[in-house]
Amino acid sequence: MKKAAIIGVTGYSGIELVRLLLNHPNIRIHSIHSSSQSGVNLAGIYPHLKNIISDELEDINISKIANEVDLVFIATPSGISSKIIPELLQYEVKIIDLSGDYRLNNPNTYEKWYKHPAPAQEDINKAIYGLTEWNKEDIRNCRFISNPGCYPTATLLGLAPLVKSKLIDERSIVTDAKSGVSGAGKSLSRVTHFVETNDNLTIYKVNQHQHIPEIEQVLSIWNENIPFITFNTHLVPMTRGIMATTYANANKSVGSTEQLVDLYKTTYEDSHFVRVREPGNFPGTKEVYGTNYCDIGIAYDNRTGRITVVSVIDNLMKGAAGQAVQNANLMFDFDERAGLDHIPIYI
Ligand SMILES: NC(=O)C1=CN([C@@H]2O[C@H](COP(=O)(O)OP(=O)(O)OC[C@H]3O[C@@H](n4cnc5c(N)ncnc54)[C@H](OP(=O)(O)O)[C@@H]3O)[C@@H](O)[C@H]2O)C=CC1
Ligand SMILES: CC(=O)N[C@@H](CCC(=O)OP(=O)(O)O)C(=O)O
């Protein structure tokens, strides 16, 4: 049994990690950490965990944590893990960072989009980007994962087969994404207030979302001719779920929806957590609720020559804690599905 610590456990992704690790066959929670509530019982803050976990929150003592556990999950807001990870890297403990701090290879790009000081370049270079389905060998052999953002996970899994097969006009990609409110974390703000979100559909961070450079970085590794993506985000009055709908102009070798569905099925045939829909069938967010699945539907419109790809995930699962556990499974050479065999909560 491997031992894990969770820093930022009182947040939404942290508490989802607790749900997953309490049922994990090979990883157990050794300690949980808080910057503001050390000494408090976690089930006192989250009563749904009464009689399930009795651990108290501990403060964040890096050397103690690093010496006691095999793996540290960090689920803190951006700008915080870059203060914790340099010290953790001095030990041998494995690290999975759920924040955006180490995802962007260029520190100047990070500072432009995140508006925080960037981590040191030498530490950024040590992080492996944990988009599991597309980086398995590096993930298996590394000790420090930068877990992808929720929107990039949905968008990139949906685009990968088209981009890698060079089936689309590289300058034509447009993604329209929607998220449930838990994607914004538990801190209160005007935009996530019930009165603002309920009965409402809003667009935010127009052309300025911090996940744009993350998506572009990966797309340009897959196809160096992709210069940019148009990407926008919306807040939907639901708790969990992301839908990323992407449009792109097909090149001449695309002739039908069936051809594209076959490509997607072949691409993801060994990827348990990616499920490809039949022609004419498109996923909704409830079909992956509470699970690590990414469901994808695709269509070719021979009238316009455009392709539509719809991908859905649960932002707290495949978009955060679920993918983090999937990556931990690979890092420890466990079954990739260990602790992640959930059935979607549909009704
Ligand atoms: N919510 C989502 O769907 C997704 C989130 N992420 C990323 O994961 C990270 C966590 O997100 P989320 O769970 O939503 O965030 P929350 O705001 O819900 O929780 C973050 C937690 O971090 C802790 N924290 C805050 N400030 C500090 C600090 N200075 N030092 C140490 N800990 C601190 C807090 O706990 P305490 O006060 O107890 O220390 C808080 O509970 C973020 O970087 C986010 O961008 C990524 C993908 C999806
Ligand atoms: C609904 C909502 O507000 N979602 C957040 C996702 C934040 C996130 O996960 O940010 P990093 O991973 O980049 O730290 C947002 O759009 O900013």
Kindly rank 200-208, 237-245 from highest to lowest mean number of other beta carbons found within 10 Å of each residue.
237-245, 200-208
Which of rounded, prolate or oblate describes region 145-184 when judged by the alpha-carbon gyration tensor and an a/c cut-off of 1.5?
oblate
Between TYR151, TYR12, TYR268, which gets the highest mean-square fluctuation from a Gaussian network model of the chain, Cα cutoff 10 Å?
TYR268
Magnitude of the Cβ-charge dipole of the chain, K/R +1 and D/E -1, about the Cα centre, nearest 20 debye?
480 debye
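What does the extension gain come out to for THR304 and GLU111, with contour length at 0.36 nm per residue minus their alpha carbon separation?
Here the segment from THR304 to GLU111 would lengthen by 65.6 nm.
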PRE zone check, label point 7 Å out along Cα-to-Cβ of PHE332, amide N under 16 Å, scope region 118-142, hits 140-142
Grab the eigenvalues of the alpha-carbon gyration tensor for region 76-134, scale each by 5, take roots, and send me the semi-axes largest first in whole angstrom.
17, 14, 11
Binned at 5 Å from zero, the C-alpha pair distances of region 7-46 give percents of 6, 22, 35, 24, 10, 3, 0
Within the set SER82, SER271, SER311, GNM on the chain using Cα springs under 10 Å gives the largest fluctuation to SER271
Cut-off under 5 Å, modelled amide H: who pairs with LYS166 long-range
none
Can you list the HN-Hα couplings for region 74-91, worked out from phi with the Karplus curve (6.51, -1.76, 1.60; θ = phi - 60°), rounded to whole Hz and with x for Gly and Pro?
10, 10, 10, x, 4, x, 9, 5, 5, 8, 9, 5, x, 6, 4, 5, 6, 10
Along the Cα→Cβ direction, 7 angstrom out, place labels at THR266 and LYS286. What is the inter-label distance in nm?
3.6 nm
Taking placed amide H atoms and a strict 5 Å upper bound, the residues 5 or more places from ILE145 or on another chain that come that close are ILE95, ILE96, ASP97, ILE128
Karplus (6.51, -1.76, 1.60) ³J(HN,Hα), θ = phi - 60°, over region 166-182, in Hz, Gly and Pro reported as x
6, 9, 10, 5, 4, 9, 10, 7, 10, 10, 10, 10, 10, 9, x, 6, 4
In nm, spacing of pseudo-spin labels at VAL206 and HIS193 (7 Å Cα→C-beta vector):
2.2 nm
Once region 151-314 is represented by equal point scatterers at the alpha-carbon sites, with solvent omitted, what log10 I(q)/I(0) does the Debye formula produce at q = 0.08, 0.20 Å⁻¹?
-0.23, -1.32
Given backbone amide H placed at 1.01 Å from N, residues whose amide H is under 5 Å from that of VAL40, ignoring those fewer than 5 places away on the same chain, are LEU57
Please work out the Cα center distance from region 132-166 to region 172-190, rounded to the nearest Å.
20 Å
How long are the semi-axes of the equivalent ellipsoid of the chain, defined as square roots of 5 times the Cα gyration tensor eigenvalues? Whole Å, largest first.
33, 21, 20
Spelling out what I want: for every residue of region 262-271, take phi, set θ = phi - 60°, compute 6.51 cos²θ - 1.76 cosθ + 1.60 (Karplus), and round to whole Hz; glycine and proline get x.
4, 4, 5, 5, 5, 4, 9, 5, 9, 9
With a/c under 1.5 counting as rounded, go ahead and sort region 203-279 into rounded, prolate or oblate using the C-alpha gyration tensor (a ≥ b ≥ c being the square roots of the eigenvalues; past the cut-off, prolate if a/b is larger than b/c, else oblate).
oblate
Tally the DSSP beta bridges in region 4-100 and give the antiparallel ones as a percent, rounded to 5.
5 percent
Have a look at ALA324, ALA75, ALA250 and tell me which one the Gaussian network model of the chain (Cα, springs below 10 Å) gives the largest fluctuation.
ALA250
Only bridges with both residues in the chain count here: give the DSSP antiparallel percent, nearest 5.
45 percent
In whole Å, what is the distance between the alpha-carbon centres of region 1-19 and region 44-69?
8 Å
Semi-axis lengths, Å, region 228-347, gyration tensor of Cα atoms, sqrt of 5 times eigenvalues:
27, 18, 13
Provide Rg and Dmax in Å for region 2-126, with only Cα atoms included in the calculation.
14.9, 47
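Values in this text are rule-based calculations from the coordinates and carry no lab data. From a predicted model like this one, the values you see are computed outputs, not experimental measurements. Ideal geometry is used to build each Cβ from the backbone, glycine not excepted, and the neighbour counts take in all protein chains shown.
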